[in-house]
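The values are calculated or read from the model by the stated rules, or taken from the named source; none is laboratory data. Since we're looking at a predicted model, the values are computed, not measured. Here the Cβ positions follow ideal geometry from the backbone for every residue, glycine too, while neighbour counts run over all protein chains shown.
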Amino acid sequence: MKIGITCYPVYGGSGVVATELGKALAARGHCVHFIAYSMPFRLGHIEENIRFHEVNVNAYPLFEYPPYTLNLTSKIVDVVKYEELDILHMHYAIPHATSAVLARQILAKEGIRIPIVTTLHGTDITIVGQDPSFAPVVNYSINESDGVTAVSDYLRRETLGGDITADIEVIPNFIDTTRFRRHPKEHFKQALCPNGERLLVHVSNFRPVKRAVEVVEVFHRLQQAGHGIKLLLVGDGPDRAACEHRARELGAYDDVRFLGKQEPVEEILSIADIFLMPSGSETFGLAALEAMACGVPVIASEIGGLPELVIDGETGFLCELGDIDSYTSACDQLLKDDNLHQRMAKASRDRAVNMFDESIIIPKYESYYEQVMERATLAV
Ligand code: GMT
């Protein structure tokens, strides 16, 4: 199959899923064309059946806001036509699904039929998509897609109703569990935790929705309770400064390491003891899955799609949103009880391998593409 994939190429869950999907599809013999304004950051290097098409954004002086959606549309038209794509897969509805729907209309005038799959990742529905300045066009673009997938059942439920009437297939996030596994770098752990301290880790883009400052609060309480513990914060974004500030205020800064954006994150997760995700909204929680695959129990807020990933009391703990006491006591239990920790670490790894490995999820996308292409052919 010749598949066109559009995603946000920068740091973020939807771009990671789209890029890893493209790489995995290429490894299974498909030809994958990425169409984006820059090379997706997880792409690494281009291989034989992976191509990258850069969208040029026009900076004509009249445009205070360059019309990226239109540049993307034109590029999609071009790539579908000349590379003879079979299907388009748009990740994140805004504006990707809209560009694809418009491109499909333009191509139809030339007798070219191209089916569109749109994958909803989350904030395109839960936050940005609900903004009245986007909603009508987002709803239309989703309804006009030939196939729609959501990364969790929660997101499917959130999307349906109101003006969105499309059938939605749930295909969860996935992971390469041969890459994301525990490969402990003892010297790295030793450097960070010279006195055998335990390591609490948080990885995110530090947007307000991640509530990263709460991680610092929990960490401080654990220290106050007498645990020998260090905190590793990985990633960067708007709330990083607030975390630094709070860590200084609490006198905990010397025990907190801010690593910024890091690849490969699996090496960091491999030395973690607990992963904390206190997010205010999370449709799936890819970063938590990465931690689980590395055998790290996850403590998370009981919101969104997280209960579909983290099994409370089995692979970690789910706590009420914003309840710092509850996060702290969940961490405390794990830090005090080695047997419990070991059991949860194993259950986390097992769940990642048995439910979310790419060998299980990628075929779901392949068969969904086939269904959508067949439906689109029948509709002609
Ligand atoms: O988490 C983010 O803010 C990034 C965002 C994105 O769209 O890039 O991630 C969303 O998509 C991921 C991949 O499907 C999910 O694992 C994340 O849970 C989801 N984030 C939110 O819902 C906040």
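Results, tabulated for the structure shown:
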item: Options L72, L107: the member that is surrounded by fewer than 22 Cβ atoms within 10 Å (Cβ to Cβ), more than 16 Å from the ligand (Cβ to nearest atom) and more than 18 Å from R156 (Cβ to Cβ); result: L107
item: Flag if E84 is closer than 25 Å to F180 by Cβ, over 21 Å from the mean Cα position of the chain (by Cα) and surrounded by fewer than 13 Cβ atoms within 10 Å (Cβ to Cβ); result: no
item: The range 110-128, subset more than 16 Å from the ligand (Cβ to nearest atom) and either under 23 Å from A150 (Cβ atoms) or acidic (D, E) (or both), residue nearest to the chain's Cα centre (by Cα); result: I116
item: Strands (runs of 3 or more DSSP E) contained in the range 1-111 and holding at least 2 residues in the same structural domain as S145 (by TED's automatic domain parsing) and free of Cβ contacts under 8 Å to residues at least 40 places away in the same chain; result: 31-36, 50-54
item: Index of the failed condition, S326 passing every other in (1) loosely packed, with under 15 Cβ neighbours inside 10 Å; (2) over 24 Å from the mean Cα position of the chain (by Cα); (3) of a type in the set (S, T, Y); result: (1)
item: Among residues of the range 297-306, those that are under 16 Å from V215 (Cα atoms) and either buried (at least 18 other Cβ atoms within 10 Å of the Cβ) or among the aromatic types (F, W, Y) (or both), counted; result: 5
item: Total residues in the range 184-208, condition of a type in the set (A, V, I, L, M) and at pLDDT below 95; result: 2
item: Filter result for the condition that a residue is away from the ligand (no atom under 15 Å from the Cβ) and crowded, with 17+ Cβ neighbours inside 10 Å, over L269, L309; result: L269
item: Where R181 falls short, out of the listed (1) closer than 30 Å to G122 by Cβ; (2) in contact with a strand residue (DSSP E or B) (Cβ under 9 Å, 6 or more places away or on another chain); (3) touching a residue at least 60 places away in the same chain (Cβ under 8 Å); result: (2)
item: Filter pass, T165 being within 16 Å of the ligand (Cβ to nearest atom) and over 17 Å from C7 (Cα atoms); result: no
item: Given (1) surrounded by fewer than 21 Cβ atoms within 10 Å (Cβ to Cβ); (2) part of a loop (DSSP other than H, G, I, E, B), number of the condition S279 does not satisfy; result: (1)
item: Test: residue in the range 322-337 that is within 16 Å of the ligand (Cβ to nearest atom), of a type in the set (S, T, Y) and either touching a His at 6+ places or on another chain (Cβ under 9 Å) or not in a loop (DSSP other than H, G, I, E, B) (or both); result: no
item: Residues satisfying the stated conditions in the range 177-197, i.e. part of a loop (DSSP other than H, G, I, E, B) and among the aromatic types (F, W, Y); result: F180
item: Those residues of the range 273-293 which are of a type in the set (A, V, I, L, M, F, W, C) and within 16 Å of the ligand (Cβ to nearest atom), in sequence order; result: F275, L276, M277, F284, L286, A287, A288, L289, A291, M292, A293
item: Only listed residue being under 22 Å from D86 (Cβ atoms), at pLDDT below 95 and not aromatic (F, W, Y), chosen from E64, E48, E20; result: E48
item: Residue in the range 129-146 that is in a loop (DSSP other than H, G, I, E, B), at pLDDT below 95 and within 16 Å of the ligand (Cβ to nearest atom) present; result: yes
item: Subset of the range 190-210 (residues that are within 20 Å of G260 (Cα to Cα), surrounded by fewer than 19 Cβ atoms within 10 Å (Cβ to Cβ) and among the basic types (K, R)); result: R207
item: Hits in the range 298-316 - residues which are assigned to a loop (DSSP other than H, G, I, E, B) and touching an Asp or Glu at 6+ places or on another chain (Cβ under 8 Å); result: E302, I303, G304, G305
item: Residues (closer than 17 Å to H96 by Cβ and either surrounded by fewer than 16 Cβ atoms within 10 Å (Cβ to Cβ) or more than 11 Å from the ligand (Cβ to nearest atom) (or both)) located in the range 20-40; result: G22, V32, H33, F34, I35, A36, Y37, S38, M39, P40
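Rundown of residues vs (1) surrounded by fewer than 19 Cβ atoms within 10 Å (Cβ to Cβ); (2) modelled with pLDDT of 95 or more; (3) assigned by TED's automatic domain parsing to the domain that holds L286; (4) more than 26 Å from the chain's Cα centre (by Cα), yes/no style:
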position	(1), (2), (3), (4)
A212	no, yes, yes, no
V216	no, yes, yes, no
L222	no, yes, yes, yes
A225	yes, yes, yes, yes
I229	no, yes, yes, yes
V234	no, yes, yes, no
D239	no, yes, yes, no
C243	no, yes, yes, no
